[in-house]
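Read through the structure below, which is laid out as C-alpha cells, and then see the notes.
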Amino acid sequence: MFNNLSDRLRDSFKRLRSKGVLSEADVDATVGEIRRALIDADVALPVVRDFTKAVREKAYGAARSQALNPGQQVVRVVHEQLVEVLGGESRELVFAQRGPTVFMLAGLQGAGKTTLAGKLGKWLRESGKTVLLVASDLQRPNAVNQLQVVGQRAGVEVWAPEPGNGVGDPVQVARSGLAHALENGIDVVIVDTAGRLGVDEEMMQQARDIRDAVNPHEIMFVLDAMIGQDAVQTATAFRDGVGFTGVVMSKLDGDARGGASLSVRGVTGAPILFASTGEGLDDFERFHADRMAGRILD
Ligand code: GDP
C-alpha cells in the first residue's frame, strides 16, 4: 500500500536526516519533493497546496530553532499534517435512539458496496446487533444474488425483491425492507444501492429517491481507492447529487498511489469512516488517520 508515495517520501526524508543543520533552502527542496510525490500520487491540487504550505511553515520553524535532529522534526511535521488532511480522529457512527438504524451505501458500480454490506453486516452482528441487508441494487443482473451470498457468509438476513415487496422497484424494496425491520425489531438496516460505471443523473435520482424513502442515519459513499484522479470528481458529484455523511475507502490493499484518501476529506469535508483492504469479509477496519499516516510514512 502506498508504495510509490511512501518510497518517494522516505527518500527525501533520508536526505534530510543526513543533515546536521537545516537551512530554509533544504526545507524548500524537501517541500518541493513532497509536492511532486503528492501530485504523482493523484492528490487533488488544492489539497497539495494547503498541505505543502502548512508543512513549509512548520518546517521553517524547525529549521530556525536549530533543534537537534531537524530532519526528524520535519518528518514529524509531515506526519502531523497527514493526520490533519486525513481528518484527525474518526467519529463514531450514528445509530438511531430507537427503532432500526439505516445505513445506505452509495457509489459507482464496482466500488465495493455489496462487499461492504457483508463486511458491515458481519461486524455489526459480531457486536451483538441484528442486521438486515436490503438489495436495492436492481441494476446489475447479479447484484441481488451477490448480496444474498454475502449475507449468508456474514450470517445476516437479506431482503430481496419478491412479488409483494417491490420487484423491479428499488425504492419499494428499500421501503418494504425497512418496514420488515421495524416489525421484527431488527437493529440495523443496510441498503445496497445501484451504481453505474460513471456518474449519471438517473442513478443520482434513484439514490435520492431511496434516501428520501428510508431516511438513512448514515449515507456511506464507497470510493474505490484505485480510481486515482477521478476520485475527487466522483466524490463531488455524489456529494452534490445525493449527499453523504461519510466515506468508505475500498481496495486500499491495491492502492499503489494513495492519493484518493488524501484528497477526499479535504475536497468533500466528509470523514472517512472505514478502510476496506480486501475481498474477505474481515478485510476492513475503522479508519484511523494516525494509522494511515503511519502507513504512508513507514
Ligand atoms: P459494487 O458494484 O459497488 O457492489 O462492488 P462489489 O462489492 O461487487 O465489488 C466489486 C469487486 O471488487 C468485487 O470483485 C469485490 O470482491 C472487489 N472488492 C470489494 N472491496 C474490495 C477491497 O477492499 N479490496 C479488493 N482487493 N477488492 C475488493
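The values are calculated or read from the model by the stated rules, or taken from the named source; none is laboratory data. What you see is a predicted model, and the numbers here were worked out from it, not measured in a lab. Methodologically, a virtual Cβ is constructed for each residue, glycine included, from the backbone with ideal geometry; neighbour enumeration extends over all protein chains shown. Calculation scope for accessible area: heavy atoms of the full protein, side chains included, ligands and nucleic acids excluded. Shrake-Rupley method; radii C 1.70, N 1.55, O 1.52, S 1.80 Å.
In the set Gln229, Gln206, only one residue is among the polar types (S, T, N, Q) and either within 15 Å of the ligand (Cβ to nearest atom) or without any contact (Cβ under 8 Å) to a residue 24 or more places away in the chain (or both); that residue is Gln206. Of all residues in segment 94-106, those that are closer than 19 Å to Val248 by Cα and either surrounded by fewer than 18 Cβ atoms within 10 Å (Cβ to Cβ) or modelled with pLDDT under 95 (or both) total 2.
Taken over segment 200-227, residues that are farther than 21 Å from Val189 by Cα and of a type in the set (D, E, K, R) amount to 4.
For the condition at pLDDT 90 or above and more than 18 Å from the chain's Cα centre (by Cα), Ala181 qualifies. Residues in segment 73-93 that are within 16 Å of the chain's Cα centre (by Cα) and either open to solvent by 50 Å² or more (accessible area, probe 1.4 Å) or small (Gly, Ala, Ser) (or both): Glu84, Gly87, Gly88, Glu89, Ser90, Arg91, Glu92. Among the residues making up segment 209-226, those that are free of Cβ contacts under 8 Å to residues at least 40 places away in the same chain and away from the ligand (no atom under 14 Å from the Cβ) are Asp209, Asp212.
Flag: Val191 does not match the condition of being closer than 28 Å to Asp230 by Cβ, within 13 Å of the ligand (Cβ to nearest atom), aliphatic (A, V, I, L, M) and in a helix (DSSP H, G or I).
Quick check: is even one residue across segment 107-116 aliphatic (A, V, I, L, M) and more than 24 Å from the chain's Cα centre (by Cα)? Within segment 107-116, none of the residues are aliphatic (A, V, I, L, M) and more than 24 Å from the chain's Cα centre (by Cα). Of all residues in segment 64-72, none are more than 27 Å from Ala231 (Cβ to Cβ), in contact (Cβ under 8 Å) with a residue 60 or more places away in the chain and away from the ligand (no atom under 16 Å from the Cβ). Selection of segment 107-128 for residues being under 15 Å from Asp187 (Cα atoms), within 16 Å of the ligand (Cβ to nearest atom) and open to solvent by 10 Å² or more (accessible area, probe 1.4 Å) yields Lys122, Trp123. You will find that of Val156, Val173, the residue that is farther than 23 Å from Ala275 by Cβ, open to solvent by less than 50 Å² (accessible area, probe 1.4 Å) and either within 16 Å of the ligand (Cβ to nearest atom) or not acidic (Asp, Glu) (or both) is Val173 and no other. For segment 253-298, a residue qualifies if it is among the hydrophobic types (A, V, I, L, M, F, W, C), out of contact with any Lys or Arg (no Cβ under 9 Å at 6 or more places or on another chain) and open to solvent by less than 10 Å² (accessible area, probe 1.4 Å), and the qualifying residues are Ala260, Leu262, Val264, Phe287, Met292, Ala293, Ile296. Across segment 104-136, the number of residues qualifying as at negative phi and without any contact (Cβ under 8 Å) to a residue 12 or more places away in the chain comes to 2.
The number of residues in segment 15-72 that are within 30 Å of the chain's Cα centre (by Cα), on the phi > 0 side of the Ramachandran plot and exposed (fewer than 13 other Cβ atoms within 10 Å of the Cβ) comes to 0.
Taken as a whole, segment 131-146 holds at least one residue that is within 24 Å of the chain's Cα centre (by Cα), over 15 Å from Met104 (Cβ atoms) and polar (S, T, N, Q). Residue check: is Val85 closer than 18 Å to Leu262 by Cα and not basic (Lys, Arg)? Answer is yes for this residue.
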